[in-house]
1. Tally time: how many residues in the range 280-295 are outside any loop (DSSP other than H, G, I, E, B) and out of contact with any Asp or Glu (no Cβ under 9 Å at 6 or more places or on another chain)?
2. Going by the structure shown, is THR273 among the hydroxyl-bearing types (Ser, Thr, Tyr) and either farther than 28 Å from LYS163 by Cβ or crowded, with 24+ Cβ neighbours inside 10 Å (or both)?
3. Which one is modelled with the highest pLDDT among residues in the range 217-237 that are outside any loop (DSSP other than H, G, I, E, B) and touching a Pro at 6+ places or on another chain (Cβ under 7 Å)?
4. Filter the range 11-28 for residues that are modelled with pLDDT of 80 or more, assigned to a helix (DSSP H, G or I) and surrounded by 10 or more Cβ atoms within 10 Å (Cβ to Cβ) and give the result.
5. For the structure I just gave you, tell me whether VAL263 is closer than 20 Å to VAL167 by Cα, assigned by the TED database to the domain that holds LEU174 and either among the hydrophobic types (A, V, I, L, M, F, W, C) or touching a helix residue (DSSP H, G or I) at 6+ places or on another chain (Cβ under 8 Å) (or both).
6. Return the residues of the range 238-251 that are over 19 Å from VAL166 (Cα atoms) and part of a loop (DSSP other than H, G, I, E, B); say none if nothing qualifies.
7. Output the qualifying pairs, or none if there are none: Cβ atoms under 6 angstrom, residues six or more apart or on different chains, first residue in the range 1-14 and hydrophobic (A, V, I, L, M, F, W, C), second residue at pLDDT 75 or above and in a helix (DSSP H, G or I).
8. May I ask you to say which residue of ILE267, ILE286 is closer than 19 Å to ILE176 by Cβ and in contact with a Phe, Trp or Tyr (Cβ under 9 Å, 6 or more places away or on another chain)?
Amino acid sequence: LTENLVTQWNTYRANNVKNADGSTRTEAELAAGIKPSVDAAVSDARLQLDDADKAVTKAAADLKKYMDERSITFKEILAVTDLKTDEYKFLPESGRPFDWQKTPPAGPGQTTLAGTNGGNGTGPSSGYGSGGYGSGGSGSGGDASGVIGSGGTSSGGTVPQPKEKVVGWIKEALTIIKSGRIDDFLAKKGILQKVKDLDPNDPKDIERIWTIIFHESGGNPNAQNNWDVNARNGVPSQGLMQTIPTTFDEWSPKDHKVIKDPVHNIIAGVLYTYGTYGSLAEHPGIASLERVDAQGRPNPGGYKPY
């Protein structure tokens, strides 16, 4: 409509430069002459706007009707992983309404962390927030149990308690980093001294890594992002820590080069974090979750990806 009207205006103006007495037409005279064309265009535009408004109103009504009448289930949601296990399926039995139950956060003195050995996973916490990995009670415990978030805000926040298998992967990755077998690689990357603060039996290290994993992949080692800018550029982020292939290749040491291997992916993600930010605590997501104000009081923000 706009293009047609502009064309009509230019044509009218070119053909009506002079009045009958030979005088040059003023802008007001030209505007009066083109007004019928302008009025017709406005009328056409209103008709199209009315049609669009009716279509949007109908679509909104149809959506509301569908939402009101649908059966609220998660049966259309795919399992989070294709592993042959129910451990990572957030999918109820076929046709069952969802039956997730919200677990209250642990109290100020009780947080839990699943370990890899037997024992009770409950331990004290002087940290703030909901602490650790969510629900209280008895966990798998062992080496990874104990103080969560001691001396500061817990980065765990309200993330769920990790599966014992995930904690095992984290501990194995940290054990490899600390074993001395990849020290040459760490030195080459300039982070040999930085990673000395890591400890496979430190609940805080495990908590922070699990928090990153939870927000990045939900704990699914086969997770792959197929929709963001990296995916559009042909390098989708993959694995527990959601590293893109080029970053994974750069930060994974020899013999740890399988991007969807959970231990390899954790190693690369942790080393990338140290190489880029300096420590787990300085990872953007962890730094935001553990943020405090000028008086040292907890002032956490949301998780930020790296």
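The values are calculated or read from the model by the stated rules, or taken from the named source; none is laboratory data. Remember, it's a predicted structure, so these values are computed and weren't measured experimentally. As a convention, Cβ positions derive from the backbone with ideal geometry for all residues, glycine included, and neighbour counts pool all protein chains shown.
1. Initial filter on the range 280-295 (outside any loop (DSSP other than H, G, I, E, B)): 284-289, 292.
Keeping just the survivors that are out of contact with any Asp or Glu (no Cβ under 9 Å at 6 or more places or on another chain) gives 284, 286-289, 292.
Counting residues in the range 280-295 that are outside any loop (DSSP other than H, G, I, E, B) and out of contact with any Asp or Glu (no Cβ under 9 Å at 6 or more places or on another chain) gives 6.
2. Values: among the hydroxyl-bearing types (Ser, Thr, Tyr): yes; either farther than 28 Å from LYS163 by Cβ or crowded, with 24+ Cβ neighbours inside 10 Å (or both): yes.
So THR273 passes the test.
3. Here is the first cut: in the range 217-237, the residues outside any loop (DSSP other than H, G, I, E, B) are 217, 224, 229-232.
Next, only the ones that are touching a Pro at 6+ places or on another chain (Cβ under 7 Å) stay: 224, 230.
Working: GLN224: 94, ASN230: 91.
Ranking the candidates gives GLN224 first.
4. THR11
5. Working: closer than 20 Å to VAL167 by Cα: yes; assigned by the TED database to the domain that holds LEU174: yes; either among the hydrophobic types (A, V, I, L, M, F, W, C) or touching a helix residue (DSSP H, G or I) at 6+ places or on another chain (Cβ under 8 Å) (or both): yes.
Criteria met by VAL263.
6. ILE244
7. Taking only residues 6 or more apart or on different chains, the pairs are LEU1/ALA41; LEU1/ASP44; LEU1/ALA45; LEU5/ALA41; TRP9/ILE34.
8. On the way: ILE286 fails: closer than 19 Å to ILE176 by Cβ.
On inspection, the qualifying residue turns out to be ILE267.
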